[in-house]
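Every read-out reported here was derived from the displayed coordinates using simple, explicitly stated rules and does not represent laboratory data. Because the structure is predicted, anything quoted here is derived from the model rather than measured. So basically every Cβ, Gly included, is an ideal-geometry build from the backbone, and we count neighbours across all protein chains shown.
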Amino acid sequence: MQCVGLITIGQSPREDIVASMFDPSASLPFIEHGALDDLNHAQIEQLQPGADELPLVSRLRDGTEVVIAKERLIPHLQRAIDRTARDGATFAVILCTGEFAKIAPSIPAIYPDRVLAHTVEAVLPVGTIGVMLPHEGQMRMMKHKWSTATRQFIGTAVSPYSGRDELAGHAANLRDAGAAMIVLDCMGFDGAMKRLVAEESGLPTILANRLVGRVVEELVGV
């Protein structure tokens, strides 16, 4: 029996992501761990990004939004993956759409950024992609990630944890700027947010966590 390891860059459990990621009828055995599970608030504050560091956005166990520096997060994320493997997970899913080339899982791992990028390349190799990202400090990285010789990038920053009321306006702005499709490039965006963005914009909209969830369901066979 396959057992899925779900590793958040914040604190586990992440019922919000799990509820949006998988079909309600799917019966999936999974184990959850978080990179920040063993840290107190003072230790987490020390991970806040400086001006030259890439910010990642996640959530703590109490629902608080947290912004952390990617490079300083890596050792904590590696330990969380190691704990997940020790607890019996047969493969891991990183619950973040960032790129994590420096981690070394001891079990097979699914990286949402790769699933998302290859899906968009298959669907929209030419045109303009509208991207909702969780933090303004990611804009330069996202432009590099999504722009190609034949695809233009339009980005807008809105946190899935604190900017829910702003989603409709951001969706309309991406549509009006010429986007042909919208990507919600953070695992924290959920199904209700996707529906709101799709309805407001009238555009095809990809929800990262559900896309990855469908891949996991295919692998597990549910």
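The table below lists the values:
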item	result
Among beta bridges that DSSP assigns inside the chain, antiparallel share in %, nearest 5	15
Contour minus Cα-Cα distance for residue 203 and residue 62 (0.36 nm per residue)	47.4 nm
Trypsin sites (Lys or Arg not before Pro) lying in DSSP loop within region 89-167, provided at most 16 other Cβ fall within 10 Å	102
Over the chain: helical MRE at 222 nm, DSSP H runs n ≥ 4 each giving -39500 (n - 2.57), nearest 500	-11000 deg cm²/dmol
Relative contact order (%) - criterion: Cα under 8 Å, at least six apart; region: the chain	21
Spin-label model distance (nm) - residue 104 vs residue 51, 7 Å beyond Cα toward Cβ	3.5
Cross-link reach list, lysines versus residue 194, counting only Cα pairs under 28 Å and skipping chain neighbours closer than eight places	70, 143, 145
Selected from 57, 211, 29, residue furthest toward positive end of dipole (the chain; charges at beta carbon)	211
